[in-house]
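Since the structure comes first, as structure tokens, the remarks are kept for the end.
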Protein chains: 2
Amino acid sequence: MYRRESRADAGSVTEGRKHVAKVANIYYAVDPWKITEKGFDKDHSRVSESIFSLGNESTGVRGSFDEGGSIDSLRGAYINGVYDMADIERSYRGIVDKVHFMIPACDWLDTTIILEGEKLDLGKVKFCDFVRELDMRTGILTRSFVWETAAGKRLKLCFERFLDMVNRERVYQRITFIPENFSGNITVKSGLSFETVHEGRKKCFWKDVIHKTLEDRIMLKASTTKSGQEVFSGAVIDMPGERTIESGEKTVRISACLNLTEGKTSAVEKRAVLVFDGSTGDALIQKGEELLSKCGQTSFDVAAKEQKAYWDSYWAVSDILIEPGDTDAKTRERVAAEQQGIRFCSFQLAQTYNGGSFLHNIGAKGLTGEAYNGHAFWDTESCCLPFYLFTNPEAAKDLLIFRYNTLPMARNRARMLDCEGACYPIATLNGDEACSLWQHASLQLQPSTAVAYGIWHYVKTTGDTDFLYKYGAEMLVEIARFLKSRAALGNLTGKYGFYGVMGPDEFHLMVNNNAYTNYMGKRTLEFAAETVKELGKADPEAYAKLCEKIKLSPEEAEKWSEIAENMYIPAREDGLIEQHDGFFDLPHTDIDSIPVTDFPLYDHWSYDRIYRTDMIKQPDVLMMLYLYNSSFTENVKRVNYDFYRQHTIHESSLSPAIHSILAAELGNMEDAMDFFGFATRLDLDDYNRNTREGLHITSIAMAWANIVYGFAGLRSDGDMLKFSPRLPDRWKELKFSILYKGRVINIRMERDITFFSCISGEALKIRVYDSEYTVSHSELSVPFGG
Amino acid sequence: MYRRESRADAGSVTEGRKHVAKVANIYYAVDPWKITEKGFDKDHSRVSESIFSLGNESTGVRGSFDEGGSIDSLRGAYINGVYDMADIERSYRGIVDKVHFMIPACDWLDTTIILEGEKLDLGKVKFCDFVRELDMRTGILTRSFVWETAAGKRLKLCFERFLDMVNRERVYQRITFIPENFSGNITVKSGLSFETVHEGRKKCFWKDVIHKTLEDRIMLKASTTKSGQEVFSGAVIDMPGERTIESGEKTVRISACLNLTEGKTSAVEKRAVLVFDGSTGDALIQKGEELLSKCGQTSFDVAAKEQKAYWDSYWAVSDILIEPGDTDAKTRERVAAEQQGIRFCSFQLAQTYNGGSFLHNIGAKGLTGEAYNGHAFWDTESCCLPFYLFTNPEAAKDLLIFRYNTLPMARNRARMLDCEGACYPIATLNGDEACSLWQHASLQLQPSTAVAYGIWHYVKTTGDTDFLYKYGAEMLVEIARFLKSRAALGNLTGKYGFYGVMGPDEFHLMVNNNAYTNYMGKRTLEFAAETVKELGKADPEAYAKLCEKIKLSPEEAEKWSEIAENMYIPAREDGLIEQHDGFFDLPHTDIDSIPVTDFPLYDHWSYDRIYRTDMIKQPDVLMMLYLYNSSFTENVKRVNYDFYRQHTIHESSLSPAIHSILAAELGNMEDAMDFFGFATRLDLDDYNRNTREGLHITSIAMAWANIVYGFAGLRSDGDMLKFSPRLPDRWKELKFSILYKGRVINIRMERDITFFSCISGEALKIRVYDSEYTVSHSELSVPFGG
């Protein structure tokens, strides 16, 4: 996706054989289940805040220090779906004149600690034994260190926090104190604050803050300035000592003096709720109070235990186990890092989105930072969906229902573009198009075809025709209408195509007959026509209802089929597909000759210069060969892979995974491993040097796909599931499970053999390499190569 | 050119044979030399303000009522080169983050008249006998009417104004009063005001106003808010009666009570100066005072006499005389309107630009309104220059020196675009690119090639090699360098071309091998290489100096020649030139099917929708056939004319003239007259319904070209001047003069014969139709067709 606010998404020059020469910045200790920071590096502060982000889909919080201070920090506690808006100058029809963006919500970690007049601020005080640790088996983030005051008093502190994965409005914080060499008082203030400023826009977007306090609890309700959303935040704070309540305009805090005893543990525990459910005013306050009461009755320890159980059950189905081969220690360490990396990816995905709400989608940065405005892009369906389809199909469905619920906005957007049907936004939180760059918002059709693909993929892998008929069909009809009205007949080709578009490769715009767009359009139109026909047969009543609701006539589907049949796909005889009309004539850019300092190109090249050579940002044609993999021959894949990888600069972090998956399929394991390179540790090792802005949530979804589609060779777009296992040299074993149509299937790849078993549900026919097998309870073993 | 602020530049659907079905809104009386408004129509107020604009290149003022009032008005007294600036949000490299725009300057017409407590306001008071009249032989605008007060007092008023064409800092206003049925007092306030608000930006851009007043004169000095420009304005006011001075923050006025006598004439005369010459502070005030003193000594009548002499000498060389044929009265009236129209065009062009200053260029709206921000576009060289070349070659030279003086900004712009050399701006007042739309500012190369063409055309028609060597060569080198760095080799064509451009046809963007751009680039590179070579031979010293100044090496010119030689021009065997790669395949738009209410398309169509069909805004290919007319065969012209006129929607007001000129050349007089249609009266009859915003200065330049190039068939791009007279049926005679290399040549076309005579200067060889002749003092007559 394009970049606007944030500019550091560095691709890098390819060097020799290494196709993506990004360099790891190794900082965290390698451990199978934990991310640990030992000692604190101020310059790494924002990166760690991103890495140690917690989320439970409903809310998210960066790993910032509870006590704030002078350390460089992007402070942000976010609530999914909470945003504000800004008008932008109206220019031409079809160009958005209003944008919306995620804003930091209530800062519930707000804490001040004072010892002997010295305020805890790790940017200023003396401290040692700093350890920050995220345990992916519990979802709890801890941070401990020893604070030594100017007078030599040593106080050990431990901060713990987690976001409840079950009762998602609940968040927990605990701070424990052990004086090592003294007894005496400390002052602790703990509160809630709606004062946090949106860093990019240099503004606090909260107003009309209403306070309510009881003896042991504090509550605030606040409204956003323009979007009119209301949020309730309340906290029960267990804190020994005499308490005072301090209220500011947008803050409320409980302050107390704690009497500490040398060697003894004292604790402050905060149990808070963040309520955002569409209710407003007194109703919201009442609801918030009730939820706070329940939360207040569940202690940190009790909730943490439930949290552990949640993650246990999550890992039971979602874990990917990688064992290193019997190689040298360095390689073993590398594989251990990959193991840790892929778990981090799974963990963050589950934190960002795990279903249950139709109001959320998956932001490019999840709930981990302001970059990309919290917007979700077409990556959701094209990159993230497979992860959910095979680990949490209900969540996959919920993602699609989000699109169903935002159909009215997509219809409206199509109208703005003088088109029929529905056009899904390239960037959105609430369903409205929020991208103010017309060259993206008006020319990129892939959000709409991605939604159709998502429906297709979801129905194919779940068999959920109920969903298809109840939700999918209507979306498909509207998307097909949009495509129909946007397609046109070429004067020379006499075929249909999309003119004046920008494909996923955002280094070419206003192009004609973009192969990806045309092909995805063709498949979408076919699927829509089939679905309508199928619905008519399978459920005539539902069909009649749909026809009435959206004035659907049978001729429409016929027209879609005609357009699909006559869609122009520009391919040469040898199978090489031209990315778009005229691509082959474009002047050549030798991507190896671009100085590393020129990256990211959006920052260093004149804007127009990016758009006129044969250099591509991410591989449109390969993307399409990945998505509809079984529809293309190996030869077509090889010819196109060989051609396009030479032209791709990977300024999209999604690009290498597509290359890796196809390289693995083509047996080019060297390329596959090169491109896999940083997939699992993109953020942990800050390969792009911009993790400080937040995590690359959709990229880490592709890390999962890189392993499962790449090395296990899963293909889910054909008539049955297919695997073509190819274990990387440095791995001894790769083990994971997938959920598939009510089954749990275990896959265990060893060097020369792969084992399949269906540990729950009926036996299933699958294809492994080129042969069919039935996988059931008893273990099926297939030798390498079939 | 594109439109941003202003949106009413309506083209219109073509209907049947009529290619540009715009409809006249006839309002002013037809007269050979005057524009007269008899009776006042409030709804026509802004249009009349534009039509009655006065200018003397240095300053301009709309025809607004001196006394202001509640009538709908766009009040603006402009000073050429006076602008202010605004920052815009920084986005990507190469996209401007600062714009500049012409602002209304000192309102020197500021007048208040009170009679018996009733304030003169034509929106409120009772009046009759309203006549407003512009005499193009004197440049004086008069307005008279009789004001009848509630009590029945009848006062006849006459307002006169003119802008001195010789002493251009001087402006004159006279108001005369004749009480028809009473004697008594009126109060008159006359002053200067820097309070005028920029209507589009809703802001007054003047600050730090310094006052100075003497007994009979008032003075103000003011500064712009951001551009740091300073303007002095002073007025000597002759006003009988006791005078009081009233000073406001940004205003100063003299107020007096005039004792009027029934039937007698009293007058108030204001002689003012507007000084803007780069000087500042006290120096500016001192200079202003001196200029005001001189001005104050020259009465309205004396100055008006000089003014008349100026216009007499202007018309002696610049007039175009059209005599109607012996047809019906309606047709004769139509021709009379054409006669008036073409004089209005010449008059307004001379008011806008007539040379002598290198600081000004020709704004798209001249000094007649805020639209287009006062910016000059590439139209200056491509559309306006011929008028000056053949009526005022010194002014043509000055226009080119403006480009020379702004070479540093053009160099800077090229750097911003990652290119070498110099890139001239698409829109500018001061030389800096001021267009914030990257798709225009970064993709349109025609400003640079137009400057090169202008130099070429100027040198060809004047033989002024001094200019070429002193100024032209350096510009040409820098433009050639820019083009060299912007051109690239096509991977398939193996030829050079410009990729990712927007041609003059602004309905296609980010196209490759745009024929116009490639061809103009080719000719520019050739001309630059020739010029450098020629300079080396003709003036080795100057050449050496230039080489040193701009580090020019001989290899550079060789490279330009190589690129020019290998430039790709996409033409079919039958001569049809493809506007750009892929144009022939673009989906068809039936331009006849577009509802009239859809125009202008920029307002009614989704922005992206404009860019993806075979509909074009203005004819790139035809433009190139017009500019380098002698380089193309008649067949090529015919084939391309026939093809492109079907696709052209004329949303540019320059488009019809190009069609008309080529149609005349091809003997298609029906088309030629259809397209000529509104050329001479575009603004007088408000064909585009947006004259209220200001006059279409560059379009009216094309009206001159439409007659001289179209019906006299002048061609000035070949080895000698050529004429191919084709007199429109409804004309009996067309008579005009041109200046050419020190000669004055008279051309008089009759139905079957054309007379040429060289009334000043040496005899000249010319081509008429296809034969060569020598034109000298004695009249040469050539029958129709040669």
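Legend: Rg and Dmax of region A:548-620, from Cα coordinates, 19.9, 59 Å. State the dimensionless ratio Rg/Rh of region A:267-345 (Rg: radius of gyration of Cα atoms; Rh: Kirkwood radius). Ratio of gyration radius to Kirkwood radius: 1.26.
From the gyration tensor of the Cα coordinates in region A:211-322, what semi-axes in whole Å does the equivalent ellipsoid have, largest first, with each one equal to sqrt(5λ)?
Working: eigenvalues 160, 132, 29 Å².
In descending order, the three semi-axes are 28, 26, 12 Å.
When the helices of chain B are scored as -39500 (n - 2.57) per DSSP H run of n ≥ 4 and the total is divided over every residue, the value at 222 nm lands at -9000 deg cm²/dmol. Counting only aspartates and glutamates at least 8 places from A:LYS545 when in the same chain, those with an alpha carbon closer than 12 Å to its own are A:GLU474. Across region B:188-232, Cα pairs under 8 Å and at least six residues apart give a relative contact order of 28 percent. Less than 5 angstrom separates the built amide H of A:LYS226 from those of A:MET85, all sequence-distant by 5 or more or on a different chain. Based on the convex hull around the alpha carbon atoms, the protein assembly as shown presents an average projected area of 66.7 nm². With only the Cα atoms considered, region B:687-786 has a convex hull volume of 118 Å³ per residue.
Taking a straight Cα-Cα cut-off under 20 Å and skipping sequence neighbours fewer than 8 places away in the same chain, the aspartates and glutamates within cross-link reach of A:LYS765 are A:ASP464, A:ASP717, A:ASP719, A:GLU779. The label-point distance for B:ILE210 and B:LYS470, in a model that sets each label 7 Å from Cα toward Cβ, rounds to 3.5 nm.
Compactness ratio for region B:598-703: Cα radius of gyration over 2.2 N^0.38 Å (N = residue count) comes to 1.12. What FRET efficiency do you get for B:ALA86 and A:GLU262 if R0 is 60 Å and r is their Cβ-Cβ distance, rounded to the nearest 0.05? Efficiency, from the Cβ-Cβ distance: 0.40. Distance between the 7 Å Cα→Cβ label points at A:PHE358 and A:ASN405: 0.7 nm.
Report the rotationally averaged projected area of chain B based on its alpha-carbon convex hull, in square nanometres.
Values: hull surface 135.9 nm².
Its Cα hull, projected and averaged over all orientations, spans 34.0 nm².
Using the structure shown, select from A:LYS124/A:LYS189; A:LYS34/A:LYS264; B:LYS365/B:LYS617; A:LYS34/A:LYS397; A:LYS126/A:LYS202; A:LYS202/A:LYS250 the pairs with a Cα to Cα distance greater than 25 angstrom. Mind showing how you got there, number by number?
Details: A:LYS124/A:LYS189 19 Å; A:LYS34/A:LYS264 28 Å; B:LYS365/B:LYS617 20 Å; A:LYS34/A:LYS397 30 Å; A:LYS126/A:LYS202 31 Å; A:LYS202/A:LYS250 17 Å.
Among A:LYS124/A:LYS189; A:LYS34/A:LYS264; B:LYS365/B:LYS617; A:LYS34/A:LYS397; A:LYS126/A:LYS202; A:LYS202/A:LYS250, the Cα-Cα distance tops 25 Å for A:LYS34/A:LYS264; A:LYS34/A:LYS397; A:LYS126/A:LYS202.
For region A:125-195, the alpha carbon convex hull comes to 128 Å³ per residue, rounded to a whole number. Site pair A:CYS158 and B:LYS549 shows an inter-label distance of 7.9 nm when each label is modelled 7 Å from Cα along Cα→Cβ.
Principal axis extents of the C-alpha atoms in region A:431-487 (largest first, rounded to whole Å): 38, 20, 16.
Using R0 = 60 Å, the C-beta based FRET efficiency linking B:ARG332 and B:ILE245 works out to 0.60. Please say if region A:363-425 is rounded, prolate or oblate, where rounded means a/c under 1.5 for a ≥ b ≥ c the square roots of the C-alpha gyration tensor eigenvalues, and otherwise the choice is prolate for a/b larger than b/c and oblate otherwise? Oblate. Taking a straight line from the alpha carbon of B:LYS308, these aspartates and glutamates sit under 12 Å away, with near neighbours fewer than eight places off in the same chain left out: B:ASP135, B:ASP164.
Computed from the Cβ-Cβ distance with R0 of 41 Å, the FRET efficiency linking A:GLU394 to A:THR633 stands at 0.70. According to the calculation over all Cα-Cα pairs in region B:499-603, the P(r) per 10 Å bin from zero is 13, 29, 24, 18, 10, 6, 0 %.
Here region B:80-206 is described by how far its Cα atoms reach on the three principal axes: 70, 34, 22 Å, from widest to narrowest.
FYI, it's all coordinate maths here, none of it is from the lab. Everything quoted here is computed from the prediction, not taken from an experiment. We place every Cβ from the backbone using ideal geometry, glycine too, and count neighbours over all the protein chains shown.
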